[in-house]
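For reference, the structure discussed in these notes is given below.
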Amino acid sequence: MKNALFSILTLLLFAGLISCGGAKVSQAECDPVVNELISNLSFGQTPEQAEKLKAMQGQISAHLLKECMTGKYDLTCLKSSKTLAALATCKK
């Protein structure tokens with residue numbers, strides 16, 4: 001799980017670096033989506049995996065918020081994603 005979280009964080013960071021332009025979606029719209037996504041990702045994990053996610057939650061949340069605000073993701077899809085694989089399918 002740690003490798004998967006690191007991989008998705010790296011992927012999102014790379015996507016953020018290559019994206020240009022300002023925010024297309026407001027922070028007010030993305031905050032609840034990101035909170036729901038983090039909650040969904042932590043559900044059903046082992047205590048060790050949940051602890052690792054909790055330790056990285058600040059970094060992950062900040063990056064997901066930034067990515068959400070680019071407007072390149074379907075917000076409904078992000079909000080309902082329950083796995084990292086599902087998260088990857090949300091790009092428009």
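The values are calculated or read from the model by the stated rules, or taken from the named source; none is laboratory data. Keep in mind that this is a model prediction, so the values were computed, not measured. Here the Cβ is made from the backbone with ideal geometry for all residues, glycine too, and neighbour counts use every protein chain on show. Ligands, DNA and RNA are stripped out before the accessible areas are found, and what is left, the full protein with its side chains, is counted by its heavy atoms. Shrake-Rupley method; radii C 1.70, N 1.55, O 1.52, S 1.80 Å.
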* Counting only residues 5 or more places away or on other chains, whose amide H sits under 5 Å from the amide H of Tyr73 once H atoms are built in the peptide plane? -> Lys92
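Taking 22 Å as R0, compute the FRET efficiency from the Cβ-Cβ separation of Lys82 and Ala50 and round it to 0.05. It would help to have the intermediate numbers written out before the result.
Working: r = 14 Å, r/R0 = 0.65.
FRET efficiency, Lys82 to Ala50: 0.95.
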* Could you check how much of the accessible area of region 27-90 is carbon and sulfur, as a whole percent, using a 1.4 Å probe? => 57 percent
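Test of understanding: what is the full-extension gain from Ser26 to Asp74, defined as 0.36 nm times their sequence separation minus their Cα-Cα distance?
Working: separation 48, 0.36 × 48 = 17.28 nm, distance 1.35 nm.
Result for the pair: 15.9 nm of gain on full extension.
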